[in-house]
1. How many of the residues making up region 104-122 are surrounded by 11 or more Cβ atoms within 10 Å (Cβ to Cβ) and either under 18 Å from residue 66 (Cα atoms) or modelled with pLDDT under 95 (or both)?
2. Counting only residues that are part of a loop (DSSP other than H, G, I, E, B) and either within 16 Å of residue 112 (Cβ to Cβ) or touching a residue at least 24 places away in the same chain (Cβ under 8 Å) (or both), which one in region 31-46 is nearest to the chain's Cα centre (by Cα)?
3. Inspect all residues belonging to region 2-23 and state whether any of them is part of a loop (DSSP other than H, G, I, E, B), more than 20 Å from residue 120 (Cα to Cα) and modelled with pLDDT of 90 or more.
4. When you scan region 47-73, how many residues do you find that are outside any loop (DSSP other than H, G, I, E, B) and loosely packed, with under 15 Cβ neighbours inside 10 Å?
5. Six or more apart or on different chains, Cβ atoms under 8 Å: show the pairs whose first residue is in region 68-95 and free of Cβ contacts under 8 Å to residues at least 12 places away in the same chain and whose second is outside any strand (DSSP E or B).
């Protein structure tokens, strides 16, 4: 898997564009993700999905769960083994929902998450 890299000027992710550095790079990655948080009704949810894109400060992904802007969510991303990455990894990061857009598929919404600076990386054990 070779990620596509693009600059912020080419980014199609909603929200936060005025607050980010012009040097920030986005990677279009289809990484499996486990998302946890609270719905707009305040109920806890856990949903498996795929990441759409990610940068150092913003991730976009498709969710079925009804959430609202300002909600805090946790992401667990599965980073596969590659030519330069000898073993697969799990990346744990959390953030705040900063944008929600309707998709062509009315069951899912494109959600933008402003990522916190803290994260955790663990090797995946076979």
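1. Here is the first cut: in region 104-122, the residues surrounded by 11 or more Cβ atoms within 10 Å (Cβ to Cβ) are 108-116, 119, 121.
Restricting the remaining residues to those that are either under 18 Å from residue 66 (Cα atoms) or modelled with pLDDT under 95 (or both) gives 108-114, 119, 121.
Number of matching residues: 9.
2. In the first step, residues of region 31-46 are kept if they are part of a loop (DSSP other than H, G, I, E, B); the result is 31, 39-43.
From the residues that got through so far, the ones that are either within 16 Å of residue 112 (Cβ to Cβ) or touching a residue at least 24 places away in the same chain (Cβ under 8 Å) (or both) too are 31, 39-41.
Numbers: 31: 9, 39: 17, 40: 19, 41: 22 Å.
In this case the residue turns out to be 31.
3. Applying the first criterion (part of a loop (DSSP other than H, G, I, E, B)) to region 2-23 yields 2-3, 11-16, 20-23.
Cutting the leftovers down to more than 20 Å from residue 120 (Cα to Cα) gives us 2-3, 11-16, 20-23.
Those still in the list that are modelled with pLDDT of 90 or more too: none.
No, because not a single residue in region 2-23 is part of a loop (DSSP other than H, G, I, E, B), more than 20 Å from residue 120 (Cα to Cα) and modelled with pLDDT of 90 or more.
4. Residues in region 47-73 being outside any loop (DSSP other than H, G, I, E, B) and loosely packed, with under 15 Cβ neighbours inside 10 Å: 3 in total.
5. 81/87; 81/88
The values are calculated or read from the model by the stated rules, or taken from the named source; none is laboratory data. Given the structure is predicted, the values throughout are model-derived calculations rather than measurements. Every residue, glycine as well, gets a Cβ built from its backbone with ideal geometry; the counts of neighbours run over all protein chains shown.
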